[in-house]
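Please read the structure below before turning to the comments.
The values are calculated or read from the model by the stated rules, or taken from the named source; none is laboratory data. Note that the coordinates shown come from a computational prediction; the quantities given were computed from them, not determined experimentally. Glycine gets a Cβ as well: all are built from the backbone with ideal geometry, and neighbour counts include every protein chain shown.
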Amino acid sequence: MKHKLNKFQLAFFRWRRRQSNNRIMPFVLSVVVGLIVGVAAILIKTIIFYIEQYAVYFAPNILNFLLPLIGFVLVTFLNRNVFSKTAYFSGARHVIESIEKNTSIIRFRLIYSKFVTTGLTIGFGGSSGVEAAIITSGAAVGSNVGRVLRLNYRLRTLLIGCGVAAGISAVYNAPMGGFIFALETILPEFTPTLLIPLLVAAAAGKILFEFFMGQHLRFEVPLTDFAYEQIPLVILLGVLGMLMSNYLLKTYSYCALYFSRIKNAYLRAIAGGVALGSIIYLLPPMYGEGYVSINALLSGEERSLIVNSPLAALPTTIWFNLFFFFLITMVKPLATGICVNSGGEGGYFAPSIITGGFLGYLFYKIVALLFPFYGLNMATFMFLGMASVFACIMNAPVTAIFLVAEITQSYQLFVPLMLVCAVSYFLKYYIENLSSSVEQPKGQGKALRVDRILLNQLNISQLIEEDDRPLSENDSLRTIVENFSSSNRDVLQVLDNKGVLVGVITLSDMRKQLGDVSSYDTITAKDLMQPPKVTVEIDEPAADVLDKFDESKLWSLPVVRKGTFKGFISKSRLLTQYRKDLTRVNRFF
């Protein structure tokens with residue numbers, strides 16, 4: 001049953017029919033999505049700012065270690081009682097899964113639920129990032145704008161990409177970073193028609209966010225010109241970045257495994273809150289996202305990272321400083337793993353940048369100590385470390401180059417950024433493919449994603465073959481034979497008086513009876529029919545339908561809508577239409 005259109009939908013369809021150029025509509029909607037996501041970015045940053053301000057203001061310093069526990073318990077309560085249906089959803093992985101397996105449909109509640117829980121997590125000291133929340137929120141905005149306006153799968157997917165690009169652009173003040181991240185990670189492949197909507201959405205999100213929140217550059221320090229004799233150091237940092245990213249992933253996996261053993265969600269939140277609070281008590285830079293610590297290092301205030309720690313009582317020496325920065329570099333992934341897997345919300349996007357910054361600073365300190373004649377620039381290696389670790393963690397080397405260049409205003413570092421990302425990502429890719437134990441999860445390969453998304457652009461209802469006269473359970477074998485003689489298929493449907501599919505009859509089911517002419521009027525469809533092995537829902541993604549064909553080894557499957565028979569779909573017709581779409585010049589949008 002079709003829902004009646006409201007006045008806004010009617011107005012949209014009238015406007016759409018008047019457009020002679022079908023490229024105008026995606027352009028306009030990309031602006032709308034960008035502005036809405038910009039508002040979401042403003043809200044999440046405002047929530048974090050005020051919680052951080054008032055939580056730290058009202059709590060004595062000695063009690064700061066309890067703040068993560070409060071945040072985790074609040075988030076656990078919300079996820080179990082208010083946002084239970086969307087609690088599982090987190091970041092780019094589930095957005096991609098929604099595009100591939102759920103025809104780009106994302107729940108409306110995800111527009112706001114994740115930035116509430118992530119805001120509470122980070123505001124109370126959780127060591128994660130806002131990007132998972134803004135990616136989820138942006139994707140949900142794009143999907144639901146498409147659903148409200150009754151857009152097709154292709155346009156819903158495009159608007160999801162616009163939402164993600166706008167979100168990253170806004171919170172990181174990096175429009176090109178957001179644009180490339182959407183292309184490299186979320187959307188299936190590059191086509192020229194994607195350029196304008198994504199760029200416009202990224203620009204709209206940034207402009208609105210900057211208008212209300214002001215300039216939001218994370219890191220901006222003077223940089224000296226890069227000396228090409230430092231290239232061996234860049235290559236070495238790329239190797240270290242790959243190793244560090246491997247350590248991050250293993251730490252996250254260990255934390256997920258450890259906390260999964262605590263079955264009670266509130267006990268898990270308490271355990272994680274106490275563990276993270278203890279780490280923050282010993283190492284204050286672990287509080288929150290960590291950008292404050294990076295800014296302090298870039299400003300030459302490294303002592304501010306130690307001053308509130310019990311370790312500040314130890315004698316300050318060169319070796320102590322190296323040990324302290326080695327400690328915070330190695331503990332940051334542990335703090336994030338505890339946060340995300342014990343009850344908090346957030347992503348690994350920002351922690352990879354912060355960990356990379358700490359790694360670059362530690363690397364600079366060691367090289368400057370061993371080779372003082374090099375004349376190194378500390379900020380350069382911090383920025384290169386950020387890009388190296390981010391490229392490996394997010395599987396997005398091109399995004400890493402542009403994102404770090406934008407948030408640090410270090411455009412003169414493009415060549416070393418390209419080199420360090422190429423080294424780290426190549427080594428990661430090489431080692432993963434060298435190891436037989438590393439298997440790529442189904443659906444994560446780029447080629448497989450493109451195939452599934454192209455398939456999902458097909459409309460099952462348009463591929464249904466014309467219905468033959470249905471059989472009833474009481475029809476005789478003679479009637480069945482007559483129906484088969486006029487049908488091109490080797491399978492017929494048996495329906496009840498309400499049109500509900502109750503069984504199917506294949507030629508092989510009745511082959512033994514064909515020679516016995518005397519039974520033509522005594523054997524009925526009820527005697528011959530079998531329950532259908534597999535059925536297809538009329539709104540099911542075409543990629544899932546093809547999986548059903550492969551698993552069942554059948555060439556025709558019955559299509560139903562809540563049990564009511566609608567017709568048959570054949571594997572040959574599905575693949576023929578897929579091949580036609582595959583050869584189109586603009587396969588996407």
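Would you check which residues across the stretch 55-76 are buried (at least 17 other Cβ atoms within 10 Å of the Cβ) and either modelled with pLDDT of 90 or more or not in a helix (DSSP H, G or I) (or both) and list them? Once the filter is applied, which keeps residues that are buried (at least 17 other Cβ atoms within 10 Å of the Cβ) and either modelled with pLDDT of 90 or more or not in a helix (DSSP H, G or I) (or both), the stretch 55-76 yields P68, L69, I70, G71, F72, V73, L74, V75, T76.
Can you pull out every residue in the stretch 433-468 that is modelled with pLDDT of 65 or more, farther than 30 Å from R154 by Cβ and either surrounded by 14 or more Cβ atoms within 10 Å (Cβ to Cβ) or aliphatic (A, V, I, L, M) (or both)?
So the first thing to find is which residues in the stretch 433-468 are modelled with pLDDT of 65 or more, and the list is 433-434, 450-466.
Then drop every residue that is not farther than 30 Å from R154 by Cβ, which leaves 433-434.
If the condition is that a residue be modelled with pLDDT of 65 or more, farther than 30 Å from R154 by Cβ and either surrounded by 14 or more Cβ atoms within 10 Å (Cβ to Cβ) or aliphatic (A, V, I, L, M) (or both), then L434 is the only one that fits.
For the stretch 95-134, the tally of residues that are touching a residue at least 60 places away in the same chain (Cβ under 8 Å), hydrophobic (A, V, I, L, M, F, W, C) and in contact with a Ser or Thr (Cβ under 9 Å, 6 or more places away or on another chain) stands at 10. Scanning the stretch 30-54 for residues that are at pLDDT below 90 and either crowded, with 18+ Cβ neighbours inside 10 Å or outside any helix (DSSP H, G or I) (or both) yields I44, K45, I47, I48, I51, E52. Screening the candidates L359, L257, L314 for the property of being hydrophobic (A, V, I, L, M, F, W, C) and either in the same structural domain as S128 (by TED's automatic domain parsing) or in contact (Cβ under 8 Å) with a residue 24 or more places away in the chain (or both) yields one hit, L359.
What do you reckon, is P372 in the same structural domain as N246 (by TED's automatic domain parsing) and touching a residue at least 24 places away in the same chain (Cβ under 8 Å)? In short, no. Just to be sure before I move on: is A543 within 17 Å of S485 (Cβ to Cβ) and crowded, with 19+ Cβ neighbours inside 10 Å in the structure I sent? No, not satisfied. Among residues of the stretch 317-329 being touching a residue at least 12 places away in the same chain (Cβ under 8 Å) and over 20 Å from I122 (Cα atoms), the one that is surrounded by the most Cβ atoms within 10 Å (Cβ to Cβ) is F325.
Taken over the stretch 357-414, the criterion of being part of a loop (DSSP other than H, G, I, E, B) and closer than 30 Å to R93 by Cα is satisfied by M394, N395, A396, Q409, S410. Contact map, the stretch 525-545: first residue without any contact (Cβ under 8 Å) to a residue 40 or more places away in the chain, second residue part of a helix (DSSP H, G or I), Cβ cut-off under 8 Å, separation 6 or more or different chains; pairs are Q530/D509; K533/S552; V534/K548; V534/E551; V534/S552. Counting only helices (runs of 4 or more DSSP H) that fall entirely inside the stretch 114-183 and contain at least 1 residues that are surrounded by fewer than 24 Cβ atoms within 10 Å (Cβ to Cβ), of a type in the set (K, R) and modelled with pLDDT under 90, the qualifying elements are 131-148, 153-172. For E210, the criteria (1) part of a helix (DSSP H, G or I); (2) at pLDDT 90 or above; (3) not aromatic (F, W, Y) hold in every case but one, which is (2).
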